[in-house]
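This report refers to the structure that appears directly beneath it.
The values are calculated or read from the model by the stated rules, or taken from the named source; none is laboratory data. Predicted model only: the values in this text are computed from it and were never measured. Heads up, the Cβs are rebuilt from the backbone with ideal geometry, glycines too, and the neighbour counts pull from every protein chain shown. These accessible areas exclude ligands, DNA and RNA; they are computed on the full protein's heavy atoms, side chains included. Shrake-Rupley method; radii C 1.70, N 1.55, O 1.52, S 1.80 Å.
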Amino acid sequence: MLSFRTKVGRFCRNEYNLTGLCNRNSCPLANSQYATVREEKGICYLYMKTIERSHFPNRLWEKVKLSRNYEKAIEQINTQLMYWPNFIKHKCKQRFTKMTQYLIRVRRLTMKKQKKLVPLSKKVERRERRREAKALVAAQVDRAIEKELLDRLKKGTYGDIYNFPAHAFDKALDKEGEEDEEEEEEEDEQESEGEVEYVAEDEFEESDISDLEDMDAESSSEDDTEKPPAIPKKKRPRVEIEYEQEPSTSRTTS
Amino acid sequence: MAARPLVTVYDEKCEATKSTVRLPAVFRAQIRPDIVSFVHFQMLKNTQQPYAVAEKAGHQTSAESWGTGRAVARIPRVRGGGTHRSGQGAFGNMCRGGRMFAPTKTWRRWHRRINITQRRYAICSAVAATGVPSLILAKGHRIEQVPEVPLVMSDKIQELKKTREAVKLLKSVGAWPDVQRCIDSKRLRPGKGKMRNRRRIMKRGPLIVYGKNDGITRAFRNIPGVTLIKVDRLNLLKIAPGGHVGRFIIWTEGAFRQLDEIYGNWSKKSAAKKDFNLPMPKMTNSDLSRLLRAEEIQRALRTPRKRIVRSTMKKNPLKNLNLMVKLNPAAAMLKRRAIMQEMKRKKARQAKVDKKRGVVKDTKPKGKAPAKGKAKPAAAAKKEQPKKK
C-alpha cells in the first residue's frame, strides 16, 4: 500500500515484500494469497499467507525452513507453492537464488581479514592534537630531563665529570645559589653537628667563593652545620678530604 | 451478501473464550473511502472556531490622497505632521499598517451540514474497514501480534480501574506495539500551534469501543494514543482519523453485539436509527477477475481477436525492387533485360570507338583520359604514344 511506499522511487518498505517494488502484484497487503522468501541469520525461510488466515494477524504467516542444499530448497518451494500463481512461484525462486548468492559472498568475506573501519571525528582529532602539543609544552620535558640528570650527577652515578657545557653549568650553579639560600635558612632551624669541609684550591670557583661569602654572611652556625646527608648540596667537581674519624660525609669521592 | 463468520471473544488474559459473536452486518458494508474522506472533511469544519481580523483594522486613520502633481504615488496618505506616520500611505493592502486584502470576517460559513444518510454511510464504511487487517496495516497500525481482527474482548475489561492493568491487557493482546509506535512518535508540532496550546503531537493508536463504562475510561485514558468511545456514539473523526479508513479498534463484547441493533442488517432495519438500513452496494460481487472468468459472462462474449495487425510502412515499388516484383513479377526480368541491353550497347559503342581510334584494348582503363595523374592511364598513354608514332 502507499503507506509502505518510499517517496523517491516506487519501492515497498514492507518486510514481507517479494520483489521490493510497490506494485499491485507485489504488495503483501493487497494480495490475500502471497509468499516470500526471507533470510534470518543465514537461514532462508519460505513465508506463506493464505486467505483462510487473513483475519488472524498473529498466525498469518506460515514459516517453512528451506534446506541448505540449493536444489532441494528449490524443490521445496515448488512443492509448497504447487498450485500457486506463477508470478509468486517464479519470484520466490529468483529471490531465493539471489539470497543464496549473497550469503555465499557474505561467508567468503567473513573468512577474509576484515578491516574494521573506525570513523574519525575531525573535530575531536583536531582538539586532541592541539591538547597533546600543549601538554608536551606544559610537561617541560627538558627541565625534567635536566633535573633527572642533575640528580644522577649528584648521586654520583656518572662518577666525577669535569666537562660540563658552560651555560648549563652556570645555570645550575645559579640555581644552586638560590637553593642554597633557601636550604641554609632551613638549616638554621635544623641543628645538626657542625662539620669542617676542606676544599681543594684548584677547584675553587667564583660561585664557590660567593657561596662561601654567603655562608659567612649568614651565621657562623652555618659553617658548623652540615646539611644532613639526605639533602645533597651542589654538584661540584671537587675532591674532598674525609676524616676517617667522621665518616658521616657521605659524599662519594672520585 | 458476503458470509458473516463467527468472531471469538477474548478475555483479559487474551485467551479465547467459548463465546463467539456473529460478525455484525456493518462489517460487510461497502467500504467507500471517497465518502468517508468527504464526510470526514466536512465534519472537521464543524469544530472550527471563527477567526477574523479586527473590524476596524487599517481604517483608523483619516488619510486622504494627495492627488496628482506632487511627485508621489496617489495612495491615500496620513494627514498632519510632526510624526513619522504623517504622509505615509494608508488604507491599502500594499501599505504598511493598511488593512489586508479582503479582511476575514466572522460571518464566513464555517460549518457544514452533511446529509444524514451520507453521514451514516460514512460510518458504516469506516467500521467495515476496521474489519480488514490489510487496511489497518496500511493505515500504519502495528497489529502483527493481534490474535484476531476484529478484536473483541470480554466485558470484564469494562471494569478495569487501574492504568497498570490496562497496559498489561494491551500487552497481552498484542496491541502494545501500536501504543509503542505512538509513544515513539511524540514530537513538537511545527508552526505557531506550539504557542497556541497545541505543542505536542503524536500518532493515533488503538480505539477502544465499549458498551458500558465501569471504569474503563479511567483505566485507558492516560495511555498514549488510546482513544475511547461508547458504541452508541461512534464518531467518524475517531474511527477514520485523517479521513483514512482502517483504524485499529478493540471492541468489548457488549459493544460488538450492539452493532447489529444500531446499524441493522439488510434484512432488518436499524433499531436505534430512524429509518436506516445498511447501504446497498453498487456491486454485490466486486471481484472483477472472478467475474470476468465466470461462465455466464464468457458465454456472452464474442471470440477474442488474437491476431495483431501492425501497420506496415508503405514502400515505393518504383524504388524498391522487391516490392515491384511482388506487384509485377515480370519486373525482375524486365529490369535484367534492360541492364543487359545497356551493357551490350555500351560494349558495342566502345568497340566502335576503339576501332576508330585503332586501340587494341586489353582490359579496364579508358586510356584516353590523359591528365588524371594515375599511374595506369599514364602508362597506357605512354604505351599508346610510341605506337601512334
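Scanning region B:261-302 for residues that are of a type in the set (D, E, K, R) and open to solvent by 100 Å² or more (accessible area, probe 1.4 Å) turns up B:Glu261, B:Lys268, B:Lys269, B:Lys274, B:Asp275, B:Lys282, B:Arg290, B:Arg293, B:Glu295, B:Glu296, B:Arg299, B:Arg302.
The C-beta contact set for region A:1-16 (first residue under 24 Å from A:Leu60 (Cβ atoms), second residue outside any loop (DSSP other than H, G, I, E, B) and of a type in the set (D, E, K, R), distance under 8 angstrom, 6+ apart or interchain) comprises A:Ser3/B:Lys139; A:Phe11/A:Arg5; A:Cys12/A:Arg5; A:Arg13/A:Arg5; A:Glu15/A:Arg38; A:Tyr16/A:Arg38; A:Tyr16/A:Lys49.
Restricted to region B:261-289, and to residues there that are among the hydrophobic types (A, V, I, L, M, F, W, C) and in contact with a helix residue (DSSP H, G or I) (Cβ under 8 Å, 6 or more places away or on another chain), the residue that is farthest from B:Arg22 (Cα to Cα) is B:Phe276.
Taking region B:1-21 as the range and being touching a residue at least 24 places away in the same chain (Cβ under 8 Å) and either touching a helix residue (DSSP H, G or I) at 6+ places or on another chain (Cβ under 8 Å) or not in a strand (DSSP E or B) (or both) as the test, the residues that pass are B:Met1, B:Ala2, B:Arg4, B:Val7, B:Val9, B:Tyr10, B:Asp11, B:Glu12, B:Lys13, B:Cys14, B:Ser19, B:Val21.
Scanning region A:132-176 for residues being in a helix (DSSP H, G or I) and surrounded by 11 or more Cβ atoms within 10 Å (Cβ to Cβ) gives a total of 18. Does B:Ala126 satisfy being under 19 Å from B:Pro24 (Cα atoms), within 25 Å of the chain's Cα centre (by Cα) and in contact (Cβ under 8 Å) with a residue 60 or more places away in the chain? Yes, satisfied. Residues in region B:165-175 that are open to solvent by 20 Å² or more (accessible area, probe 1.4 Å) and within 26 Å of B:Asp232 (Cα to Cα) were compared, and the one that is farthest from the other protein chains (Cβ to nearest Cβ) is B:Glu165. Of the residues making up region A:25-64, not one is over 26 Å from A:Arg10 (Cβ atoms) and in contact with a Cys (Cβ under 8 Å, 6 or more places away or on another chain). Scanning region B:93-113 for residues that are free of Cβ contacts under 8 Å to residues at least 40 places away in the same chain and open to solvent by less than 70 Å² (accessible area, probe 1.4 Å) yields B:Cys95, B:Gly97, B:Ala102. The single residue among B:Arg310, B:Arg336 that is more than 30 Å from B:Arg28 (Cα to Cα), exposed (fewer than 10 other Cβ atoms within 10 Å of the Cβ) and among the charged types (D, E, K, R) turns out to be B:Arg310. Residues that are among the charged types (D, E, K, R) and surrounded by 14 or more Cβ atoms within 10 Å (Cβ to Cβ) were ranked within region A:52-104; the one that is farthest from the chain's Cα centre (by Cα) is A:Arg53. The helices (runs of 4 or more DSSP H) located wholly in region B:266-351 that include 1 or more residues which are under 43 Å from the mean Cα position of the chain (by Cα) and at pLDDT below 95 occupy B:288-293, B:295-300.
Starting from residues that are charged (D, E, K, R) and surrounded by 10 or more Cβ atoms within 10 Å (Cβ to Cβ), keep the ones in region A:105-123 and report whichever is farthest from A:Lys41 (Cα to Cα).
Selected residue: A:Arg105.
In this structure, B:Ala3 qualifies as under 30 Å from A:Arg53 (Cβ atoms), aliphatic (A, V, I, L, M) and at pLDDT below 95.
Would you point out the residue of region B:352-373, among those that are part of a loop (DSSP other than H, G, I, E, B) and surrounded by 11 or more Cβ atoms within 10 Å (Cβ to Cβ), that is modelled with the highest pLDDT? Among residues in region B:352-373 that are part of a loop (DSSP other than H, G, I, E, B) and surrounded by 11 or more Cβ atoms within 10 Å (Cβ to Cβ), the one modelled with the highest pLDDT is B:Val359.
For every residue, the table says whether it meets (1) in a strand (DSSP E or B); (2) under 28 Å from B:Gln258 (Cβ atoms).
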| site | (1), (2) |
| --- | --- |
| B:Leu170 | no, yes |
| B:Val179 | no, yes |
| B:Gly193 | no, no |
| B:Arg198 | no, no |
| B:Gly205 | no, yes |
| B:Ile208 | yes, yes |
| B:Thr217 | no, yes |
| B:Gly225 | no, yes |
| B:Arg247 | no, yes |
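Looking at region B:114-127, can you tell me whether even one residue there is charged (D, E, K, R), surrounded by 15 or more Cβ atoms within 10 Å (Cβ to Cβ) and more than 9 Å from chain A (Cβ to nearest Cβ)? Yes, region B:114-127 contains a residue that is charged (D, E, K, R), surrounded by 15 or more Cβ atoms within 10 Å (Cβ to Cβ) and more than 9 Å from chain A (Cβ to nearest Cβ).
Among the residues making up region B:39-80, those that are within 31 Å of the chain's Cα centre (by Cα) and surrounded by 16 or more Cβ atoms within 10 Å (Cβ to Cβ) are B:Val39, B:His40, B:Gln42, B:Met43. Taking every residue in region B:289-312 that is of a type in the set (A, V, I, L, M, F, W, C) and pairing it with any residue that is surrounded by 10 or more Cβ atoms within 10 Å (Cβ to Cβ) and in a loop (DSSP other than H, G, I, E, B), at least 6 positions away or on another chain, the pairs with Cβ-Cβ distances below 7 Å are B:Leu291/B:Asn285. For B:Ser134, the criteria (1) in a loop (DSSP other than H, G, I, E, B); (2) open to solvent by 10 Å² or more (accessible area, probe 1.4 Å); (3) within 14 Å of chain A (Cβ to nearest Cβ) hold in every case but one, which is (1).
Scanning region B:227-244 for residues that are of a type in the set (Val, Ile, Thr) and either closer than 25 Å to B:Ser19 by Cβ or open to solvent by 20 Å² or more (accessible area, probe 1.4 Å) (or both) gives B:Ile229, B:Val231, B:Ile239. Candidates are the residues of region B:142-164 that are open to solvent by less than 10 Å² (accessible area, probe 1.4 Å) and among the β-branched types (Val, Ile, Thr); the one that is farthest from the other protein chains (Cβ to nearest Cβ) is B:Ile157.
For region A:1-37, residues that are away from every other protein chain (no Cβ under 14 Å), surrounded by fewer than 18 Cβ atoms within 10 Å (Cβ to Cβ) and not hydrophobic (A, V, I, L, M, F, W, C) total 7. When region A:17-46 is filtered for residues that are within 48 Å of the chain's Cα centre (by Cα) and within 17 Å of A:Gln80 (Cα to Cα), the ones remaining, listed by number, are A:Leu18, A:Thr36, A:Val37, A:Arg38, A:Cys44, A:Tyr45, A:Leu46.
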